[in-house]
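The values are calculated or read from the model by the stated rules, or taken from the named source; none is laboratory data. Remember, it's a predicted structure, so these values are computed and weren't measured experimentally. Please note: Cβ atoms are built from the backbone with ideal geometry, for glycine as well, and neighbour counts cover all protein chains shown.
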Amino acid sequence: MLQSLKQNSKKTIEAIKQRWLPLLALIIFLLPAFFLLPKKDKVEVVKRPPIAKYLSVIPDRAISLKEIQSYTDQTLNSVKNTIKSNTRLSIADLIDQSGYPPVYKLSDGSFISANAKNVGSDVILSNKKISTTVYTTNTVNSLYSPFTSYDNKQYLTIDGNQALKTLAIATTHWGTYYEVSFDGGRTAWLDAKSVSLEDPKLTVLQKTLISKYGNNPNVSITAKLLDSKFTASVNSDRMIYSASLWKLAILYWTQKQILDGKASLSDQLKYVPEVDDTAWRAFVPSGTGSMSKTADDQMYSLQDLINLTAKESDNVASNMLSYYETGKFSLSFQTTINKLAGKTWSFDTRKANTNMVANVLNGLYDEGGAAFNSLFDTSYDGSRIEAAIPDEVSVAHKIGITDEENHDAAVVFTSQPYILVVMTTGNQPDSVITEISKTVYEVMK
């Protein structure tokens with residue numbers, strides 16, 4: 001039995017040798033050759049620049065966007081000329097070179113890069129409506145359309161010291177241009193560099209205010225055109241107790257509630273003791289105004305409370321608006337007023353500067369309605385700011401008075417309405433504010 005197994009094992013080994021030994025010998029023969037094969041040479045690949053950097057068409061009304069070079073060869077190796085920025089280009093062909101950036105062939109036989117930063121279309125790049133006022137300080141030439149090298153025909157000559165309403169603003173590769181309107185419906189385009197967004201009168205007024213009041217620490221002044229960011233001012237960043245000018249913020253919020261549909265002028269509000277609780281910073285009831293100085297449980301319309309707050313500067317009426325409409329100076333009220341004022345106008349300290357008061361008064365004007373209208377025909381007309389204004393010019397204003405402070409904030413409706421805010425300390429008389437008002441009016445009228 002054992003002898004038989006040995007014989008079978010030998011036969012199996014012999015069979016394996018006969019089948020696999022020839023293949024193994026071939027592998028051993030070829031293996032050295034594998035290691036001796038030459039290495040594949042590295043092929044340098046030319047990377048074409050990203051196509052987005054280059055134009056794929058010949059632009060209409062082509063110009064050079066900056067100073068560029070032209071070349072005698074399309075590989076751009078041999079410089080021919082320097083081409084200045086904003087030069088009109090006569091392009092004959094676009095050559096798309098395999099492995100190289102595309103180039104333009106010019107009509108004179110030279111070549112330039114088709115890089116999008118070098119070449120563009122001399123057209124209007126943007127045009128949008130805008131309503132503002134621009135001012136000419138000198139004589140300027142207007143255009144039929146925003147300037148390009150293809151559209152540059154002059155239109156009208158406009159005198160200096162003109163205030164012009166804008167219809168649109170456009171940009172080209174050459175600059176920014178305003179479309180302005182004239183009497184009779186005519187329009188023209190003015191280079192933005194030839195006009196100012198700031199009324200030149202404010203420049204004159206600024207010099208005058210500094211000269212007359214710049215050394216007076218008890219006087220703070222801000223004058224500005226309605227809905228303009230430009231001001232003439234003195235000590236306008238000085239924080240002062242605002243007294244009843246704070247009621248402008250309360251009137252603004254009350255009108256906002258009306259516009260938002262959360263209140264109505266016919267609403268009836270009850271005068272309860274909580275209205276005058278100074279714990280939430282209500283005004284002390286005593287002072288100006290005709291309302292009862294103690295809670296009488298009577299109902300008052302929102303319209304009446306607005307009028308009493310603005311026209312009589314009634315503390316109780318103001319407290320009623322604060323209690324019911326502002327939610328005792330809610331966080332939402334504070335956030336809105338601070339954003340409008342441009343700085344924190346604290347309901348606790350009630351300190352503000354003339355710029356802040358001017359911003360809130362401008363916001364109240366923009367809202368319009370009963371709250372702003374209540375600033376006309378007040379118990380304090382004919383004094384302070386209004387005393388210096390001719391009778392035919394309307395004035396809407398709000399005063400603020402304490403033993404130390406004397407303030408007035410007004411919108412004066414000249415041909416170009418302006419805001420004037422004067423805040424004084426040190427028990428200044430009304431005549432100081434009137435003198436300032438006269439100075440401002442003489443420049444702004």
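Being of a type outside the set (A, V, I, L, M, F, W, C) and buried (at least 17 other Cβ atoms within 10 Å of the Cβ) is the filter here, so list the residues in segment 152-185 that pass it. Hits for segment 152-185 are Thr166, Thr172, His173, Tyr177, Tyr178, Glu179. Sub-7 Å Cβ pairs linking a first residue in segment 337-351 that is assigned by TED's automatic domain parsing to the domain that holds Leu245 to a second residue that is of a type in the set (D, E, K, R), at least 6 apart or interchain, are Phe347/Arg281; Asp348/Arg281, ordered by first then second residue. Inside segment 311-336, residues that are touching a residue at least 60 places away in the same chain (Cβ under 8 Å), assigned to a loop (DSSP other than H, G, I, E, B) and either farther than 25 Å from Asp377 by Cα or not assigned by TED's automatic domain parsing to the domain that holds Val284 (or both) make up a count of 1. Checked against (1) hydrophobic (A, V, I, L, M, F, W, C); (2) in a strand (DSSP E or B); (3) surrounded by 16 or more Cβ atoms within 10 Å (Cβ to Cβ), Ile124 passes all but condition (2). Residues in segment 280-300 that are over 15 Å from Thr326 (Cα atoms) and hydrophobic (A, V, I, L, M, F, W, C): how many? Residues in segment 280-300 being over 15 Å from Thr326 (Cα atoms) and hydrophobic (A, V, I, L, M, F, W, C): 4 in total.
Taking segment 198-235 as the range and being out of contact with any Leu (no Cβ under 8 Å at 6 or more places or on another chain), in a strand (DSSP E or B) and under 24 Å from Gly363 (Cβ atoms) as the test, only Ser220 passes.
Listed here are the residues, each with its yes/no results for (1) of a type outside the set (Val, Ile, Thr); (2) touching a Pro at 6+ places or on another chain (Cβ under 6 Å); (3) assigned to a helix (DSSP H, G or I); (4) buried (at least 22 other Cβ atoms within 10 Å of the Cβ).
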residue: Ser290; (1), (2), (3), (4): yes, no, no, no
residue: Tyr300; (1), (2), (3), (4): yes, no, no, no
residue: Leu308; (1), (2), (3), (4): yes, no, yes, yes
residue: Asn338; (1), (2), (3), (4): yes, no, yes, no
residue: Lys343; (1), (2), (3), (4): yes, no, no, no
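Only one entry in Phe376, Phe347, Phe329 is surrounded by fewer than 16 Cβ atoms within 10 Å (Cβ to Cβ), farther than 12 Å from Thr254 by Cβ and aromatic (Phe, Trp, Tyr), namely Phe376. Pairs are defined by a Cβ separation below 7 Å, a sequence spacing of at least 6 or placement on different chains, a first member in segment 202-229 that is under 16 Å from Thr434 (Cα atoms), and a second member that is among the hydroxyl-bearing types (Ser, Thr, Tyr) and in a loop (DSSP other than H, G, I, E, B); the pairs so defined are Asn218/Thr425; Ser220/Ser236; Ile221/Ser236; Thr222/Ser236. Beta carbons closer than 6 Å, at least 6 apart along the sequence or on distinct chains, pair a first residue in segment 396-415 that is of a type in the set (S, T, N, Q) with a second that is surrounded by 18 or more Cβ atoms within 10 Å (Cβ to Cβ) and not in a loop (DSSP other than H, G, I, E, B) for Thr402/Ala243; Asn406/Thr424.
Of the listed requirements (1) over 30 Å from Ser64 (Cα atoms); (2) at pLDDT 95 or above; (3) part of a loop (DSSP other than H, G, I, E, B); (4) not charged (D, E, K, R), Val134 misses just one: (3). For segment 147-159, indicate whether the set of residues that are over 29 Å from Pro59 (Cα atoms) and either in a loop (DSSP other than H, G, I, E, B) or touching a residue at least 40 places away in the same chain (Cβ under 8 Å) (or both) is non-empty. The answer is yes, given that some residue of segment 147-159 is over 29 Å from Pro59 (Cα atoms) and either in a loop (DSSP other than H, G, I, E, B) or touching a residue at least 40 places away in the same chain (Cβ under 8 Å) (or both).
Take the conditions assigned to a helix (DSSP H, G or I) and closer than 16 Å to Leu226 by Cβ and apply them to Asn355. Does it pass? When the stated conditions are applied, Asn355 passes them. In summary, Asp391 fulfils each of the numbered conditions (1) under 32 Å from the mean Cα position of the chain (by Cα); (2) in a loop (DSSP other than H, G, I, E, B) with the single exception of condition (1). For Lys247, state whether it is in the same structural domain as Val284 (by TED's automatic domain parsing), touching a helix residue (DSSP H, G or I) at 6+ places or on another chain (Cβ under 6 Å) and charged (D, E, K, R). The answer is yes for Lys247.
Is segment 356-365 home to any residue that is at pLDDT 95 or above, in contact with a Lys or Arg (Cβ under 8 Å, 6 or more places away or on another chain), farther than 19 Å from His407 by Cα and not charged (D, E, K, R)? No. Taken together, Val411, Val440 contain a single residue that is in a helix (DSSP H, G or I), among the hydrophobic types (A, V, I, L, M, F, W, C) and under 19 Å from Ala232 (Cα atoms), which is Val440.
Residues that are among the hydrophobic types (A, V, I, L, M, F, W, C) and touching a Gly at 6+ places or on another chain (Cβ under 7 Å) were ranked within segment 200-249; the one that is surrounded by the most Cβ atoms within 10 Å (Cβ to Cβ) is Leu245. Taking the numbered list (1) surrounded by 14 or more Cβ atoms within 10 Å (Cβ to Cβ); (2) acidic (Asp, Glu); (3) assigned to a strand (DSSP E or B) in turn, Asp93 passes all entries but (1). Would you be able to say whether some residue in segment 323-334 is over 20 Å from Asp267 (Cβ atoms), under 34 Å from the mean Cα position of the chain (by Cα) and not basic (Lys, Arg)? Checked against the condition, which is being over 20 Å from Asp267 (Cβ atoms), under 34 Å from the mean Cα position of the chain (by Cα) and not basic (Lys, Arg), segment 323-334 yields at least one hit. For segment 245-288, the tally of residues that are among the aliphatic types (A, V, I, L, M) and either more than 29 Å from the chain's Cα centre (by Cα) or in a loop (DSSP other than H, G, I, E, B) (or both) stands at 8.
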